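This report refers to the structure that appears directly beneath it.
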Amino acid sequence: MTKNKSLPKVLSSTERYIQEIQQYPLLRKEEEFELAVQYYKHKDLKAAHRMVTANLRFVIKIANEYANYGLQILDIIQEGNIGLMRAVKTYNPYKDTRLITYAVWWIRSYIHDYIQRNWSLVKMGTTQAQRKLFYRLKKEQKALEQLEYLSSTEKIKRISKALGVKEKEVIEMNQRLAGKDFSLDTPIASDNEKTTHLHFIADEKGNVEQVLQQKEEALLLKRKLEAFEKELTKRDHFIFQKRMIAEKQMTLQAIADKYKISKERARQLEEKIKNSLKKFLTP
């Protein structure tokens, strides 16, 4: 009697995709830099393609963090891939940062946007606290599941403290996530079939591309300011921090007293820093 051969494993579409991208080798830092320069200077699409394919496995790793939102993991991966491609397009190889370090922000941005658009037709949250809850509430709840001795009230308090939000917001978001989606075409009342929930939803997000562009510009400005600060003397750095980027500005007199100079001299130093910053930021 011949031995039974094991049947071939039936692979899911996700498993087939993972197998397929394994054929693309990772890039060494030197290889990545050369390819990035080719695209940065000459828009070499072959170089861009190699950078994208070499980093596809990292997108899967990030996408798996969002696998519990009830959405198809391949769809989440695809959105992350779009973010990766956008990162390659805007990557500057001369910033001395690996591509994936820079790309993580873009990948997460595209995935977050996709989840918010598709988790429910009803927007889950608009404030920063609500968005934080949306993405971290399940994780915090899972971590507390093992602590069976804690009451529901105590768990809410711990989550509230861990995420830095109000207990009321934790309860509200938990109710939203537990609730079922409903059709936005459902009439508000049976006697007025023309008015549906859809009429009361406004598109407050705006163009996704525009939002991401604004975020990118803010990130680049932040990096430029950090680079500028490194060129300042200790005194100029203090004035820059306390007068130009502080939410509550220190008075010129207070700065003058600290460095034992006149108020006018403190003003002159501030003006000099402003002019230096303007030149630094000018292309």
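The residues neighbouring Arg50, those whose beta-carbon lies less than 11 Å from its own, together hold a net charge of -3 under the Lys/Arg +1, Asp/Glu -1 convention. Each of His42, His112 has some number of other Cβ atoms within 10 Å of its Cβ, and from fewest to most they run His42, His112. Computed over neighbours whose Cβ is under 15 Å from that of Val37, the net charge equals +3, Lys and Arg +1, Asp and Glu -1.
Going from the residue with the fewest nearby Cβ atoms within 10 Å to the one with the most, Glu231, Glu172 rank Glu231, Glu172. Near Lys258, within a Cβ-to-Cβ distance under 11 Å, what is the net charge of the other residues, with Lys and Arg +1 and Asp and Glu -1? Net charge around Lys258: +2. Taking other Cβ atoms within 10 Å as a rough exposure proxy, Lys61, Lys155 sort from fewest to most as Lys61, Lys155.
A short reminder: the numbers here are calculations on the coordinates, not readings from a lab. None of these values were measured; they are calculated from a predicted model. Neighbour counts are summed over all protein chains in view; Cβ atoms, including those assigned to glycine, are modelled from backbone coordinates with ideal geometry.
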